[in-house]
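A.B. asks: My structure is below; once you've seen it, I'll send some questions.
Read the figures in this text as sums done on the coordinates, not as results from a lab. These numbers come from a predicted model, not from an experiment. With ideal geometry, Cβ positions are generated from the backbone for all residues, glycine too; neighbour counts draw on all protein chains shown.
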Amino acid sequence: MRNLTGVVGWGQHLFRVSRGLITLTTVLALLSAYPAATASADTISAGNKVCSMYVNAIGFGAFCSSGEAYFPGSSEPPPTWKVKLGNNIFIPCRDFEIPKGINLGKAPAGKTWALRVTITDYDLNTTNGGNNVHLERAIVPLSDEDRQQCPVEPYMAEFWATFASTYPAPALQVMPTYTPRVNVPAYFSLTRESSLVLEDDPEKGDLDSAYFDPSHNLTMRGLVSSMIVDPGDGTPPFTCQIGVGMYNESYDGYDVNSDPFHQMSTCSHKYAKSSASQPDGMYTVKLTITWTVSYWTGQPKWHDIGTAEIHAVQRLPVQEVQSIGG
């Protein structure tokens, strides 16, 4: 079985690399409890895989049960789960590490927390677990004895696959110059690389995926859908809708052929005073970035799973407008 690292032959991108970048220092918001900390989709079937997914403020991932891939036109029919097991016992559960971003209290004495994923309502006499097979997830405290309930046996490897991804550190671009000028609109956006996560990037040559035939594939995508900007000068924060419909590789939200006062983008702020009087001569810009996570299984439409927010700060110098030679 190939690992489920979800890739799609989808070469479009969100933003062009900036002409001037300012790297952010991120402050990731840790979530406090489960299940409120995690948004999840219903268990889905993709080809002969059954998958359960999660998303939180650190990242997203999937836990899947799977049989061997079967391609239409093969000379031999795919074996049932019972045939593939032989004389072995089917072990329907497996314990995983707690996904990052879920903050739990101390486990009871002698136990540690684990994410237990269980294949339920399965039919061993079918090639893909049957029509009712699905996954159930639970975060539970386990002792060493408890963990023996779900031993990891090599023969069960083909029935399980996982993948996970974390969000990249936000990289803010400010146009038309990385140092804004007083009374000249400053336009904010995120770079393509820090606005989009796909499992995996086909341009890097890693095409390992849950691929079965031209109509079945499971891919997860994280996409920045909005950003709240607190400009740090005492004016109210404002919200920018970004990401939606911006898949053109040449688009980064700012038209260099037009002046700053005639732009289509509304994600801008006009500073009334320079930052000279601020600590270190810079404004502290605060960002709240919303990631929307979705999945794709071969049909044209992406299906949203949920959203998560991360926070970041940026120190931004703002200068007075200077005349030529001034």
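A.B. asks: Separation between the A138 and A276 pseudo-spin-labels, each 7 Å from Cα along Cα→Cβ, expressed in nm?
C.D. replies: Spacing of the two 7 Å Cα→Cβ label points: 6.6 nm.
A.B. asks: Can you check what the net charge comes to around L115, using other residues whose Cβ is under 15 Å from the Cβ of L115 (Lys, Arg +1; Asp, Glu -1)? Before the final figure, lay out the partial values.
C.D. replies: On the way: positive: R94, K100, K111, R116, R137, R147; negative: D95, E97, E136, D146.
For residues surrounding L115, the net value is +2.
A.B. asks: Which residues' amide hydrogens lie under 5 Å from the amide hydrogen of G232, considering only partners 5 or more residues apart or on another chain, with H built in the peptide plane?
C.D. replies: Under 5 Å from the amide H of G232 lie the amide H atoms of K286, each far enough along the sequence or on another chain.
A.B. asks: May I pose another question? For segment 88-149, what does the relative contact order come out to in percent, with C-alpha contacts under 8 Å and a separation of six or more? Write out the running numbers ahead of the final one.
C.D. replies: Values: 80 pairs, mean separation 21.1, N = 62.
Relative contact order here is 34 percent.
A.B. asks: If packing is taken as the average number of other Cβ atoms within 10 Å across a peptide's residues, how do 116-127, 162-173 rank, most packed first? Don't jump to the answer; show the numbers that get you there.
C.D. replies: Working: 116-127: 16.2, 162-173: 19.4.
Most protected by this proxy first, the peptides run 162-173, 116-127.
A.B. asks: Something else: Starting from the Cα-Cα distance between A157 and N103, subtract it from 0.36 nm times their residue separation and give me the gain in nm to one decimal. Walk me through the numbers on the way to the answer.
C.D. replies: On the way: separation 54, 0.36 × 54 = 19.44 nm, distance 2.87 nm.
Taking 0.36 nm per residue and subtracting the Cα distance, the gain is 16.6 nm.
A.B. asks: Let me ask another. Compute the label zone of K82 within segment 101-125: residues whose backbone N is under 12 Å from the point 7 Å along Cα-to-Cβ.
C.D. replies: 123-125
A.B. asks: Would you mind counting up the charge near R181? Only other residues with Cβ under 10 Å from its Cβ, with Lys and Arg at +1 and Asp and Glu at -1.
C.D. replies: Values: positive: K270; negative: E320.
Cβ neighbours under 10 Å give a net charge of 0.
A.B. asks: If the cut-off is 23 Å between C-alpha atoms, which lysines fall inside it for K111, apart from same-chain ones fewer than 8 positions away?
C.D. replies: K100
A.B. asks: Would you list I44, I102, I228 from fewest to most Cβ contacts within 10 Å? Write out the running numbers ahead of the final one.
C.D. replies: Values: I44 19, I102 22, I228 15.
Ascending number of Cβ neighbours within 10 Å: I228, I44, I102.
A.B. asks: Can I ask one more? At 7 Å along the Cα-to-beta-carbon direction for both H311 and Q241, put a label point, then send me their distance in nm to one decimal.
C.D. replies: Using points 7 Å along Cα→Cβ, the separation is 2.6 nm.
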